[in-house]
Structures are given as C-alpha cells and as structure tokens.
C-alpha cells in the first residue's frame, strides 16, 4: 500500500517542507474560480532496500502524471497519478528488461520507453499502457547494444544512441517503433569504453549525460567519441560530423541541450565538476574544438557534475528559458531567464534536511508546472516525488500580479 509518509515524525518534516515551498496556502477559496491548488506528493512503498531515481514525467490527457524511475539503478518503474497527484497505479517491469533510457517517448502510436535486454545487452522498445503502467514489447534491435539515450523525431521515428562493444564505437541510429533501422552512423571511440558504460548503467561509476536530439533538421548526439565525451552534429544527408566539441577526455562535456526555437539552443556544460550555462549557443558548422572553450555563465551553487534540465515555461504570455539543477545544499533550483538570457526569478524545491534531486520539469495544459524528482524521506530514503505549481504560483515566482 502506497503512503505519503513512513512515520509520524517524517510527516511533520514533509508538512514543514510543504509550507516552505509556498504550497500550504493553496486553498480553493484563495484561488481564482476553476484553478486547482498545487500539491507536493511523495510516493513511498516502504521497501527499505529500494532506492528510486526519478528520470522523466509526462502529463496525461486527464491531468494526471506518468512518472518513469529506476530502482537501484537497473530495475524499471512506472507510476501513474490522477490530476490531484494521488496514486493510481504503478508497475515494476518484470523479466530481463533493465537499464531504462531516461526519456518517456510519446508519438502518434502511443507511449513508449526504451531499455536493454539484461542477457543480450540489446535494445528493446516497450509500449506503455498509461493507466495500468503495464508494458508490452513493441520492437527489439539485437544488433544495437548498450542503448544509452533516445529521443523522438518529428516524423515519429526515434533517434537512438548505443555502443558497439566489439568495434569500440558509439552508434547513432534512426529507428522506427516497428523495428526498422533507417540508417546508422558509426562514431569511433578509439578505445574500449565498455567498463565506463557498465559502471554508468549500474550506478557504480560516473553518470554521463548521454543524449540525442534533432537541431535545425540535423541529428546531434552527446556520446563517447575519440577518447573523450563529445558533442557532435551531423549533416542530415551524410555520416560526416560537421561540428565537433570534444571534452577533456571524460572530465568535461555538455550536460544538457534544448533547442530554443529561434535557430539557436541553450546548453549547459560541465568541466571538472563545475557547471556552466549558455543561453544562446549558435549552430556553427566546420568547428572542431573543446567544450572547455565554449564559455558560459558559471553556476556557483550547482552540485558537482549536477544533472541539468532545460526548457520553456510560459507565464502571462511571456516565454521564459528555464533551467533546473541540483544545488550543493540538497535542493533543486529552478531559474527563469528572459529572451536575452537575463535572470528573472528563481524557485527552490526541497531542503537540506530532506534533499530533492531533479528528474524533469514540464509545463502543464492548465498553465501550471510539474517538477518531478527524487525526494529523500528522512534524509536517506530516495523516493519518487512530484511538485505541482498552479498558474497563480508561477505569477508569484516572477513577481507578477495575477488579474
């Protein structure tokens, strides 16, 4: 049975945190007509040996949330809530499906997740039934080993990053939900990176921010390449990388990427534990350089090699570039930047006594905001958690008057 608290004293801590984050005052008589209050929910199964890491969230058509997490780094967990954040269903994926990629995939065919076959190490795509969290096999790719990241393309296909353990190459592939491979690009790593990848997957080593995306109709990838952790952009009609930014071996590189819609992008990068952010990264071709030369604003309060999430949040008709990251004192900082990249506002989630780690944030259909992450109950038990802010609370963060 799922509970929000494990014991009475923990309940007091959660109540205090709820108050400190401004959600205690969300009463229906205080809100404009038709606006639902925000919430803070922790989903605890009381299994002391389970350590959850929230990876992604997706708003459903009924206002509820589908949450993707890992258990002890390898097992796959899905949870479904209703529009009030109350628990509806959950499922730990059985069988040999392990090491889920940290993205929920949604296209016209449904909702999917990508993972690895535990024995064969190859890629599987699972279809998710959103209400029950049950899964079924949609396709598998036995020649694409060690799947590391996946994203959705505009045509409904997927852009997959994997690693070939025999040829020591990263592989970027365009695949379909039905199991076809349209093309694959081989990216020489020039050394055996399997140990690094295994330790990344099982949580025993460095967690690398692998990702794929399409930027201005060109595939991009963050992966192992040429003895380093690198960011590559490819020509859409060839297998040739036309832009290359190499890390300082494996100690620096990009940590996140978000196409801002104006031809540019926002990125964050890490370098020997420190984090930097660039809000107006340009698509330049013909470049071979180091990520350490990309510049950017130093994020002083970010924890060492923090996860970074970037996206847009619209408030009162204005779209803000937003970034979320983990701070050195155990909180999540959500920062709002205007169109010129100037700081506008900041909101913290969590507290030092009860740390909160970012999974993902998403704006909701009712103009509110979901922040999904991992909350440490009693300071030591990581559990999936959701913050929901309504539209009026977003106005308050930005010091705007809600009419």
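The values are calculated or read from the model by the stated rules, or taken from the named source; none is laboratory data. Quick caveat: nothing in here was measured; it's all calculated off a predicted structure. Note that we place each Cβ from the backbone using ideal geometry, even for glycine, and neighbour counts take in every protein chain shown.
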Q. Looking at the range 48-64, which of its residues are outside any strand (DSSP E or B), in contact (Cβ under 8 Å) with a residue 60 or more places away in the chain and closer than 25 Å to residue 37 by Cα?
A. 60, 63
(Q) I'd like the residue in the range 27-47 that is closer than 19 Å to residue 132 by Cα and assigned to a loop (DSSP other than H, G, I, E, B) and, out of all such residues, is nearest to the chain's Cα centre (by Cα). (A) 43
Q | Selection count where residues are closer than 13 Å to residue 224 by Cα and surrounded by 12 or more Cβ atoms within 10 Å (Cβ to Cβ), scope the range 192-209 | A | 8
Q: Those residues that are buried (at least 19 other Cβ atoms within 10 Å of the Cβ), more than 22 Å from residue 68 (Cα to Cα) and touching a helix residue (DSSP H, G or I) at 6+ places or on another chain (Cβ under 7 Å), I need them from the range 135-182; list them, please.
A: 163
Q: Could you identify the single residue in 252, 271, 248, 236 that is exposed (fewer than 15 other Cβ atoms within 10 Å of the Cβ), in contact with a helix residue (DSSP H, G or I) (Cβ under 8 Å, 6 or more places away or on another chain) and touching a residue at least 12 places away in the same chain (Cβ under 8 Å)?
A: 248
Q.
Just to be sure I understand, how many residues within the range 306-356 are more than 25 Å from residue 261 (Cβ to Cβ), in contact with a helix residue (DSSP H, G or I) (Cβ under 8 Å, 6 or more places away or on another chain) and surrounded by fewer than 16 Cβ atoms within 10 Å (Cβ to Cβ)?
A. 1
(Q) Filter the range 256-275 down to the residues that are over 18 Å from the mean Cα position of the chain (by Cα) and within 20 Å of residue 327 (Cβ to Cβ) and list them by number. (A) 271, 272, 273, 274
Q) What residue, of 229, 250, is touching a strand residue (DSSP E or B) at 6+ places or on another chain (Cβ under 6 Å), modelled with pLDDT of 95 or more and not in a strand (DSSP E or B)? A) 250
Q: Looking at (1) on the phi < 0 side of the Ramachandran plot; (2) not in a strand (DSSP E or B), find the lone condition where residue 162 falls short.
A: (2)
Q) For the range 299-358, what are the residues that are over 14 Å from the mean Cα position of the chain (by Cα), in a loop (DSSP other than H, G, I, E, B), closer than 18 Å to residue 275 by Cα and in contact (Cβ under 8 Å) with a residue 12 or more places away in the chain? A) 299, 301, 303, 304, 305, 328, 329, 330, 331, 341
(Q) Of everything in the range 274-286, what is surrounded by fewer than 16 Cβ atoms within 10 Å (Cβ to Cβ) and in a strand (DSSP E or B)? Give them in sequence order. (A) 274, 280
